[in-house]
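K.L.:
Quick one: structure below, then a few questions.
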Amino acid sequence: MGQWNAAGDMGAVFRFDVCALVEICYFSRDLNLKRVRIEAADPSNAADSAPSSAPEPLSTNAIRTDCSDACDHNPALHPALIPPGGRCFCAHVSCQYRLEEMELKPRHALAGLQAGVLGALFMILWLMGCSRYLRRSAWDIPNLFATSFYGAAAYQQQYLRTSWTGVALIVAIGGLGGLLWGIIWREERPPFLPLIGAAVGIALYLISFDVIWKQTNPLIPLYAPLRQVQVGYLIWGLTLSRSARFSRAISESTSAMAH
């Protein structure tokens, strides 16, 4: 009784102990048609917050609409953004082209084949120039590769009709490697793509000269100028990085012909 305005420790009420203290702010009231005397205990919508605690995975752009559909396409092009009598400027970013890049298309393989063949031609020109610098025939390396089909008699320091077979073999190997490159990388262009291409070129050299040619045609690793050949495969690998540019050029030319 002598507790003034605050009640002291109390025991059981009607033979039951109070398990938790309940305050007035825990209860909500209906605010319908209520204009004044709105207190802190009067929330606007006392709904359960648990279902809405997780963030939405995708945001929508509800522009002056009620009950907007989350599946509305192109909300940036909503007519409400166009002022009456004014000009409309829409910065609409589309992911359609990016999705097409990720999807494997025939142009990716064709672009890789083009880059691989081009790199192989650069490598042949490099090896021919090195042969002339070493005072050997420019057809030295093509004739060496031609021995895979015509035997040791095809390896001579002069032009032969079989020399083009060696050229075709180098181009075929480079084109096949470029084809696989285009299928794997498609139109992706990471910052260090040329370095990756160079590493692929060196890896192809090691596989070819340390494994394949030693088993199929030992004359090639025996007589080939290895340093010059390594640089040639490096040039081929650097050329592979142009595959994405070739693929986009094919796509643009195809679209222009369709229109």
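K.L.:
What length, rounded to one decimal in nm, is gained on full extension from ALA199 through to TYR133, with 0.36 nm per residue of separation minus their alpha-carbon distance?
P.N.:
21.1 nm
K.L.:
While we're on this one: Going by average Cβ density within 10 Å per residue, which order do the peptides 210-223, 237-250 take, highest to lowest?
P.N.:
237-250, 210-223
K.L.:
Translational D (Stokes-Einstein, µm²/s) of segment 105-258 at 37 °C and 0.692 mPa s when Rh comes from the Kirkwood sum over C-alpha pairs?
P.N.:
Approximately 205 µm²/s, per Stokes-Einstein.
K.L.:
To the nearest 20 debye, what is the magnitude of the charge dipole of segment 105-258 about its Cα centre, counting +1 on the Cβ of each Lys and Arg and -1 on the Cβ of each Asp and Glu? Mind dumping the intermediate values first?
P.N.:
Working: 13 positive and 5 negative charges, 40 e Å.
Charge dipole of segment 105-258: 200 debye, to the nearest 20.
K.L.:
Then there's this: Compute the separation of the alpha-carbon centres of segment 202-259 and segment 105-164 and state it in Å as a whole number.
P.N.:
Centre-to-centre distance over Cα atoms comes out at 12 Å.
K.L.:
Order of TYR150, TYR155, TYR133, TYR233 from fewest to most other C-beta atoms within 10 Å? Before the final figure, lay out the partial values.
P.N.:
Values: TYR150 15, TYR155 21, TYR133 9, TYR233 26.
Least crowded to most crowded, the residues run TYR133, TYR150, TYR155, TYR233.
Bear in mind these aren't lab numbers, they're just calculated from the coordinates by the rules spelled out. What you see is a predicted model; the values in this text were computed from it and never measured. Backbone-built Cβ (ideal geometry, glycine too); neighbour counts: all protein chains shown.
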